[in-house]
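All of the numbers you see were taken from the coordinates with simple rules; none came from a lab. Just so you know, these numbers come straight off a predicted model, no measurement behind them. No Cβ is skipped: glycine too gets one built from the backbone with ideal geometry, and neighbour counts run over all protein chains shown.
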Amino acid sequence: MIDGVNNNLSVGPVGGAGGRVTAAPAGASFADTLKNSIQEVSRLQQDASQAVQDLATGKTDDVTGVMTAMEKSDLAFKTLLAIRAKLMDAYEEIKNISV
Amino acid sequence: MAGFVDRLLRDGNAPLLEQTLRFTAARHRLIAENIVNVDTPGYRQKDLSPAKFHALLRDRVEARRAGNKSAAGASEFDDLRAEIESPRRGILFHDGNNRSMEQLMADQAKNAMMHNMAVELLRKQFASLEAALRERL
Amino acid sequence: MFDTLDMGASGLMAQRTRLDTIAANIANANTTHDAAGRPNPYRRRFVVFAAGQPNDPAKAGVRVQSIKLDPSPLQRRFEPGHPDADADGYVSYPNIDMAVEYVNALEASRAYEANVTMMEVSKAMINASLRLIA
């Protein structure tokens, strides 16, 4: 019976942080999604920083554009922080599962 | 430790915004003096040019990007100085004063908006850093 | 930044003195005798401003340097029956033109308001800066 259980489950190898933790079919892995999100947040932050710099040095007059860019980057960053918090909580929970 | 925090605060937009605040405060003082002396015979209006200040700031930003690292601790923006000039615009009245109340009011309003905007942006910069440090929202 | 409030206060005081002088002119527009009751027509007065605070001329601000008498000629009206009439029957009245005084009063009050606005803007800017640590 124990052998049967071992044969039926097809859990993938447990990799590093963000490795496949579900029996997912082929496609975008969670690691890739996370990496893209981080890059997106970084890009938005650089855009916002550049926009603020342009406004401060007088290159642009577009205050609304700068404020929008800042708000977008801020929102993206906070979303990433929230995801990270959730991941940490999930990791803590899994770590505390006594086998 | 102090050097690391220093770099963190120096490499972003905080130094630019701090200099902007110094500029708007200085300009407001000049505009205030002009308004107060609007009926003083022989008084010439004083001003600081925002265009020249922006140009100075742009040059410093370029210098920073080009990698001219100044001595440890000093920021490229610390010694920014703008010159007080006497604009030649406006009518010279019989009492020797080249006042223009409308121009003064408009300049004052624009300067105040620039000041408030810089304060908000600076506050946002510090708030983002704090959020990242706290690791919480 | 706080010295702009001192500058504004000096401006308010100076414009107020100017308004007081104008009010005195308007009130005495037809005064032909002086305080002692002798025939001595009132002469128009005007203020002269100078830069610098009243108590420290080196600091930025404005002060009343002096209140001068207007040297322009007095008005002469033909009133032969008047007790103060001279040999030709003319009486000398103060050299005050109401229209000029009204316009000056309007300008003084406009400058007064501008000073008040400037002080309000100063306060707003200082309060905005305080929000940095809020």
Which FRET efficiency value, to the nearest 0.05, do you get for residue A:34 and residue A:89 by plugging their Cβ-Cβ distance into 1/(1 + (r/R0)^6) with R0 = 22 Å? 0.90
With the contact rule set at Cα under 8 Å and sequence spacing of 6 or more, what percent relative contact order holds for the range A:29-99? 33 percent
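Calculate the FRET efficiency for residue C:29 and residue C:82 from the Cβ-Cβ distance with a Förster distance of 22 Å, rounded to the nearest 0.05.
For R0 = 22 Å, the calculated efficiency reads 0.85.
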Please give every one of the lysines within straight-line cross-link reach of residue B:46, meaning a C-alpha to C-alpha distance under 20 Å, and leave out same-chain neighbours fewer than 8 residues apart. B:110, C:59
Virtual spin-label span in nm between residue C:100 and residue B:133, 7 Å along Cα→Cβ: 6.6 nm
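Using the scaling law 2.2 N^0.38 Å as the reference, what is the normalised Cα Rg of the range C:3-133?
So the Cα radius of gyration is 1.48 times the expected 2.2 N^0.38 Å.
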Percent of Cα pairs exceeding the 19 Å cut-off, where the set is the range A:29-99: 50 percent
Cross-link reach list, lysines versus residue A:86, counting only Cα pairs under 22 Å and skipping chain neighbours closer than eight places: A:35, A:72, A:78, A:95
Could you work out the equivalent-ellipsoid semi-axes for the range C:68-131, taking the square root of 5 times each eigenvalue of the Cα gyration tensor, largest first, in whole Å? 51, 9, 7
If we sort C:79-91, B:13-25, A:72-84 on the protection proxy, mean other Cβ atoms within 10 Å, highest first, what's the order? B:13-25, A:72-84, C:79-91
